[in-house]
Structures are given as C-alpha cells and as structure tokens.
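These notes are about the structure you will find just below.
The values are calculated or read from the model by the stated rules, or taken from the named source; none is laboratory data. Remember, it's a predicted structure, so these values are computed and weren't measured experimentally. In this analysis, Cβ positions are derived from the backbone assuming ideal geometry, glycine residues included, and neighbour counts consider all displayed protein chains. Ligands, DNA and RNA are excluded from the accessible area calculation, which covers all protein heavy atoms including side chains. Shrake-Rupley method; radii C 1.70, N 1.55, O 1.52, S 1.80 Å.
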Amino acid sequence: MKKIFFLLVAFSFALLAQNNTVVLTMDEAINLALEKNSELKIANMEVEKSEQKLREARSGLFPKLDLSGQYQRYINKPVIFLPPGSPLGPTLEIGSDNSYLAAAQLSVPLFALPLYEGISLASDAVDIAQQNYVSAKNKIVGDVKKSFLAVILTRETKDVMQQSLKNAEENFENIKRLNSAGTLSDYDVLRAEVQVENLKPVVLQMENNYKLSLEALKVAIGLDANQNIDVVGEMRFDEEYKIPTENEIIEELIHNNPQLAILEKQVQLNDRNVSLEQAAYFPSLAGFGNYQYQTQANDFKFSDYRWVKTFVLGLQLQIPIFNGFKTQSRVGQAEIGLNQAVEQKRNLTEAIKTQALSILYRVQQAVKRIEGQNKTVKTAQEGYEIAKRRLENNVGTQLEVNDSELALRQAKLNRLQAIYDLKVAEADLETILGRIK
C-alpha cells in the first residue's frame, strides 16, 4: 500500500509540474525577455533620466522669481561721516535697532546663446539614450533567438538519436528472428546488441543537452530557475530561400545598425558641444525686476511701523572681453572631441561592414551545405532500406546495416547542424542590421 501511495504522490507532482510548464514560441520568448530583462529596464530608465535633464535645460528659458525675507538687529548702528565743523559732530548714526526687509526678485533671459545650445545638447543626449535602448533591445532579441534555436537543435538531435536507437532495436529483433531461423550467426546477434547498447548513453546525453539548453534559454529570457518551460518550432529550410546581396547588406547596415546610429548621435552631440563652447564668446542680455518692502524701528510695536516700497526694473548686458584664454581652450577641447567621434565612427563603420559581410558568407555557406545535405539524407535513407532488405534476403551483412544506419544518422545530424548554422547566422545578421520587430 505504501508503495502505491508513493507512486500516486509522485505522479501527482509530475502532473502538477507539467501543468505549470510554459510552452513558448520564439516570438513569445522574445516578448517575455523584453518584459523581464533588467538590462533593458536600466536602459529605459536612462532615457527617462535624460528626458528630465532636457526638461531641466529648458527651464532656463522661463522667468525666475525668488522671494526673500530678512530681519537684522543692529548691535552697533551704521554711521555717516560728516565734514569737519558739522554741528552734528564728526559722525551721524542712522537707522534703527531693528530692520525688516521683504523682497521679490524677477529675472528673464532675453538673449543667451549658451542656454539655447545647452538645450540642444540635452536633446541630443536624449537621442543617444534612446539609441542605447534600441541597441540593448536589439542585442537581447538576438541572444534569445540563438538560445531558442539551440533548444530546437538539441531537441531534434535528440529525436534523431532516439530514431537511430529505435532502428537499432528493430534491427536487433529482426536479427534475432533470422538467427532463430538459422539464417544469421550468433556473432551477428552480438553485433546488433552492441549497437543498441552503444546508442543508449548517447541518447541519454542528448536528453541532458536538451534540458541544459532549456535552462540556458530561461537565463536569456530572465525567468526564474524553478519555472518549467518548453518550446514549439522546428528547424525548417525554405527551398525558395533568397540570399541578400552584399550591396543590400551594406546599405541596410549603414541606415539601421544601432551602434552606428549611436556614434552618429555622438558626432552630433560633440558638434553641438563645440557650438556651446563657442557661444561663450557672445554677449548675453537679461531683464530683471526687484521689489522691496522694508521698515526700521527701535521697538517691536508692529502696528506703528511705517513700511516703504521700492520697485526697480532694468536690463543687464554681459559682454565677455577676456578670461585668460579659457574659452579658446574649451573650444579647442570640444573640437578635438568632435574629431575623435568622427574617427571612431569611421573605424567602427569599416569594422561592422567586415563583420556583416562575414555573417553573409556564413549564410551562403550554410545554404550550400543544406542543399547538399538534402540529397545526402535522401540517398542515405535509400541505402539504409536497401541494406535492411539485403540482410533479410541473406545477401547482405550486419556490417552493411550498421554502416548504412550510421551514414543516415550522420546525414540527418549534418543537415540539422547546417540549418541551425543558417538560423544563427540569420539571427546575427538581423542583430547587426537592427531588424527589431
């Protein structure tokens, strides 16, 4: 009874685990990764931060209003020095013991070139943060695609090995039958049995590889290790597959590559920084207003105080004349930064072009391999069927069957690997070209 109880409990847990398994398509895996990936969340926060910095820069365009209040208690009052012979003495004490002042100060920028350039600089920084987000998203999509393809490869490799084991077991049973009929020797039986036993650990290893690839996919998506997942999909090859030309790849690369887009924005930002530093040569004009409400008294009888109002409006013009060549040095630094960004973009453009063409060559080679393996698999399947029939008719040997089965298995695995290599190359090509859904 205890044994039956434990079996029921184990079956219940297995059923529960199966019910909690999430089955994913490639698109679902990508969407889940984009939702959970912490790197992408950080990149999105950086966009939000840069937008707040832009808002801060734009705040300089608005009037600035400050209110202030001040109380002073004179321990020694201020004095005015009088001319010699004055009937009031050499000095005259002024003011009262207590001084109160309330003020409102208003300033409005009318012309300030550094302010406008600073706003443009902050806007460029927002664009760079957005491109960094796109680049991070692009990388995550590519990583998940390749992890997903690895799961499909290990699963279909496992299926091929299981089919090979099944073929070996069927062949073993057939040979035992022929041995009983006196057609084949005990040695043939022994060879067939060895073939079966040799395949069993390989099948087990393929099953473990499949489980490990699922774990790697969970890591790429950002799922919890306790979450059970499975995938749907298979290694397919479209016979009408069209390989893009080198010119098509280069043109799309120049327009869409996220890294090149980031460097282009960096060049724009550095160019804007040059303009910002050059703006320090220009004068600035601001309007201001100052309103004061004040009184003084020797006592604290507030109701008897006499309050006085003062209101001033004006313009303030600042013209830079000489600051020890500081502006000239800062402009020079900004120009060097611009030249560095231009050179970095040029170098990276050439490097990425080479990388894209290398991926394109991988695609071309994989397609040729698939086309060749399609014929090989068909031929190997026919050879295996012929070898089985020859053995059954006592005109062939067990060695022929083993060799033909090995050739069939290897042809299937080679075709799978070729399709996988094509899919991975496609994923790399889509990543470098910035083809994000």
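Of everything in the stretch 115-164 that's hydroxyl-bearing (Ser, Thr, Tyr) and out of contact with any Pro (no Cβ under 7 Å at 6 or more places or on another chain), which residue is nearest to Ala280 (Cα to Cα)?
Tyr116
Can you name the residue in the stretch 307-356 that is in a loop (DSSP other than H, G, I, E, B) and among the aliphatic types (A, V, I, L, M) and, of all such residues, is surrounded by the most Cβ atoms within 10 Å (Cβ to Cβ)?
Ile319
Restrict the check to the stretch 390-403 and report whether at least one residue is open to solvent by 40 Å² or more (accessible area, probe 1.4 Å), assigned to a helix (DSSP H, G or I) and aliphatic (A, V, I, L, M).
yes
Being closer than 30 Å to Leu269 by Cα, within 37 Å of the chain's Cα centre (by Cα), at pLDDT 90 or above and open to solvent by less than 40 Å² (accessible area, probe 1.4 Å) is the requirement here; does Ile359 meet it?
When the stated conditions are applied, Ile359 does not pass them.
Scan (1) hydrophobic (A, V, I, L, M, F, W, C); (2) farther than 21 Å from Asn414 by Cβ; (3) within 52 Å of the chain's Cα centre (by Cα); (4) at pLDDT below 90 for the single condition Ala168 breaks and write down its number.
Of everything listed in (1) hydrophobic (A, V, I, L, M, F, W, C); (2) farther than 21 Å from Asn414 by Cβ; (3) within 52 Å of the chain's Cα centre (by Cα); (4) at pLDDT below 90, Ala168 misses just condition (2).
Let me spell it out: the conditions are (1) at pLDDT below 90; (2) open to solvent by 90 Å² or more (accessible area, probe 1.4 Å); (3) within 20 Å of Ile221 (Cβ to Cβ), and Ala17 meets all of them except one. Which number is the exception?
Checking Ala17 against (1) at pLDDT below 90; (2) open to solvent by 90 Å² or more (accessible area, probe 1.4 Å); (3) within 20 Å of Ile221 (Cβ to Cβ), the one that fails is (2).
Out of Val194, Val203, Val144, Val134, report the one residue that is out of contact with any strand residue (DSSP E or B) (no Cβ under 7 Å at 6 or more places or on another chain), free of Cβ contacts under 8 Å to residues at least 40 places away in the same chain and part of a helix (DSSP H, G or I).
Val194
Mind listing whichever residues of the stretch 416-435 are out of contact with any Gly (no Cβ under 9 Å at 6 or more places or on another chain), open to solvent by less than 70 Å² (accessible area, probe 1.4 Å) and part of a helix (DSSP H, G or I)?
Matches in the stretch 416-435: Leu416, Ile419, Tyr420, Asp421, Leu422, Lys423, Val424, Ala425, Glu426, Leu429, Leu433.
Any residue in the stretch 372-379 that is β-branched (Val, Ile, Thr), closer than 30 Å to Ile352 by Cβ and open to solvent by less than 60 Å² (accessible area, probe 1.4 Å)?
Within the stretch 372-379, not a single residue is β-branched (Val, Ile, Thr), closer than 30 Å to Ile352 by Cβ and open to solvent by less than 60 Å² (accessible area, probe 1.4 Å).
Determine which single condition Ala102 fails, assuming it passes every other condition in (1) assigned to a helix (DSSP H, G or I); (2) open to solvent by 40 Å² or more (accessible area, probe 1.4 Å).
All conditions are met except number (1).
Keeping to the stretch 223-247, report how many residues are closer than 27 Å to Glu371 by Cβ and either of a type outside the set (Phe, Trp, Tyr) or open to solvent by 100 Å² or more (accessible area, probe 1.4 Å) (or both).
Selection size over the stretch 223-247: 15.
Residues are listed down the side, and each one gets a yes or a no for (1) of a type in the set (D, E, K, R); (2) surrounded by fewer than 22 Cβ atoms within 10 Å (Cβ to Cβ); (3) touching a residue at least 60 places away in the same chain (Cβ under 8 Å):
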| residue | (1), (2), (3) |
| --- | --- |
| Phe148 | no, no, yes |
| Ile152 | no, no, yes |
| Leu165 | no, yes, no |
| Arg177 | yes, yes, no |
| Ala181 | no, yes, no |
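Is it fair to say Leu253 is part of a helix (DSSP H, G or I), surrounded by 16 or more Cβ atoms within 10 Å (Cβ to Cβ) and in contact with a strand residue (DSSP E or B) (Cβ under 7 Å, 6 or more places away or on another chain)?
Judged against the criteria, Leu253 is not a match.
Return the residues of the stretch 58-81 that are open to solvent by 50 Å² or more (accessible area, probe 1.4 Å), within 30 Å of Leu121 (Cβ to Cβ) and not in a loop (DSSP other than H, G, I, E, B); say none if nothing qualifies.
Hits for the stretch 58-81 are Arg58, Ser59, Leu61, Lys64, Leu65, Asp66.
Exactly one condition in (1) open to solvent by 70 Å² or more (accessible area, probe 1.4 Å); (2) farther than 23 Å from Ala136 by Cβ is false for Val219; which is it?
(2)
When you check Val189 against the structure, is it assigned to a helix (DSSP H, G or I), among the β-branched types (Val, Ile, Thr) and farther than 23 Å from Thr431 by Cα, yes or no?
So Val189 passes the test.
Could you say which residue among Pro84, Pro114 is open to solvent by 40 Å² or more (accessible area, probe 1.4 Å), outside any strand (DSSP E or B) and in contact with a helix residue (DSSP H, G or I) (Cβ under 8 Å, 6 or more places away or on another chain)?
When all the criteria are applied, what remains is Pro114.
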